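One structure below.
Read-outs: derived from the displayed coordinates by stated rules, not from any lab. These numbers were taken from a predicted model, which means no experiment stands behind them. Cβ placement follows ideal geometry from the backbone for every residue including glycine, while neighbour counts extend to all protein chains displayed.
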Amino acid sequence: MFSVEEAENAIAAFPFSVKGETVTLPAAQGRFLAQDIFSPIDVPEFDRAAMDGYAYISGDDSPDFKVVETIPAGTAPMIVVTPGQCAKIMTGAMIPVGADRVVRRECTIEKDGFMRIVKEDGNLNIRCKGEDLQAGKLVMARGTPLHPAQVAMLASLGLVEILVAQPVRVGIITTGSELADPGAPLAPGQVYNSNSYSLAAQIREIGAEPLTLGRVADDEEATVEAIASGVNACSVLILSGGVSAGDFDYVPSAMKKAGFTLHVEKIAVQPGMPTVFGTLMDKAAFGLPGNPVSTFVIFEVFIKPLLLRLMGHAYRPQVQPAVMTFTFSRSHSERTAFIPVTCRHGRVSLVPYHGSAHLHALSQANALLRVPAGQDAIPAGSTVDVRFL
């Protein structure tokens, strides 16, 4: 049996190359950069006014300043400012030659073409050329996720097309004769298929492309055929169910018959111990337990980092210290446990949780409490690390 760390290392050893494609800037949102971005310009490109006011020469003690020009944003100044003169200037406009200071409009009075400073303004009120970025400087590294702020930054550099990582296509196969699709009536002994929906949602949330390949009954030959067919349509294949030691659990043997080499078989993790991981040339496949919390947690802990790495992003989960509001205990501590919890304002609370089939508990949680193998209790008041979902 693999420890959590050993399984993570085995999965991290999967060789990959990030495939890029050029898209327009609006289409880049939610994608990952496949190139380093260096600024093609200085930002700002010129000295500009930070406030509406009057540009003049600092140290000029003239009682009144002749207004020689009005400079709106987007218009180049025409007149050089000399002592006793000023230019009326709008926020964002280019500072005229000669001036090196802007007095705010609120600190002045203008009358008959002259400006008088009537109130102290201790700020220069100028954004200097290159103050934010200098041409040639690194702006964003490859692998950066492009959220609205990043898209805005790229637009401010004048970029219209960006090289981004192609989304990874992930095939989803659910196994089990007991499964029924949502919307259909349940026959005796059946349950609704939630795993394909949860996996597709998790895949879509990180910017990858889910491909639902259907449901397979508990039949080994049908499972082999589904794997062999599905792997041709995707880069990563996920099978849910059929990985335990029951009479109708065929996924590990079916993966081998389909040509996969299994690198991980069973992980000392709770939930999700029967998880398997294998590769076939440049393809990867996971076999997950059918219990819905197991499927969700194994994706979050082991599959999500791989998919993001395939899109060039060095993923690190959001982990935060917090204080336990309850005492946790368990009778068996051989495995690392991930427990659904809520974490708010630095305090961890337990949601009612009855095990790996209790999907309702997971739907109420916003984090996972990691309990290391060998630890059977955590007293209330302890500081622990929680992993946000």
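Observations on the model:
- Fraction of alpha-carbon pairs over 20 Å apart in the range 48-120 - percent: 15
- Here the chain is treated as an ellipsoid with the same Cα gyration tensor; its semi-axes, largest first and in whole Å, are 61, 25, 17.
- For the pair Ala314 and Ala50 in one chain, pulling the backbone fully straight at 0.36 nm per residue adds 91.3 nm over the alpha carbon distance.
- Among Arg344, Arg309, Arg116, residue whose mean-square fluctuation peaks in a GNM of the chain (springs only between Cα atoms under 10 Å): Arg116
- Expected 222 nm ellipticity per residue - DSSP helices of 4 or more, -39500 (n - 2.57), all of the chain, to 500: -4500 deg cm²/dmol
- Over 25 Å between alpha carbons, listed pairs Lys19/Lys257; Lys88/Lys129; Lys66/Lys119; Lys19/Lys129; Lys19/Lys266; Lys88/Lys137: Lys19/Lys257; Lys19/Lys129; Lys19/Lys266; Lys88/Lys137
- Estimated distance in nm for a label pair at Ala357 and Ala76, the labels positioned 7 Å out from Cα along Cα-to-Cβ: 7.6
- For the range 167-175, 3J(HN,Hα) computed residue by residue from phi via the Karplus equation (6.51, -1.76, 1.60; θ = phi - 60°) reads x, 6, 8, 10, x, 10, 10, 9, 10 Hz, glycine and proline entered as x.
- The range 48-127 - share of DSSP beta bridges that are antiparallel (%, nearest 5): 75
- Beta bridges per DSSP, both residues in the chain: antiparallel share near 65 percent.
- GNM top mover of Pro77, Pro145, Pro292 - the chain, alpha-carbon springs below 10 Å: Pro77
- Nearest 10 degrees, 0 to 90: helix 195-205 Cα axis against the chain principal axis: 20
- Helix 220-230 axis versus longest C-alpha principal axis of the chain: approximately 20°, rounded to the nearest ten.
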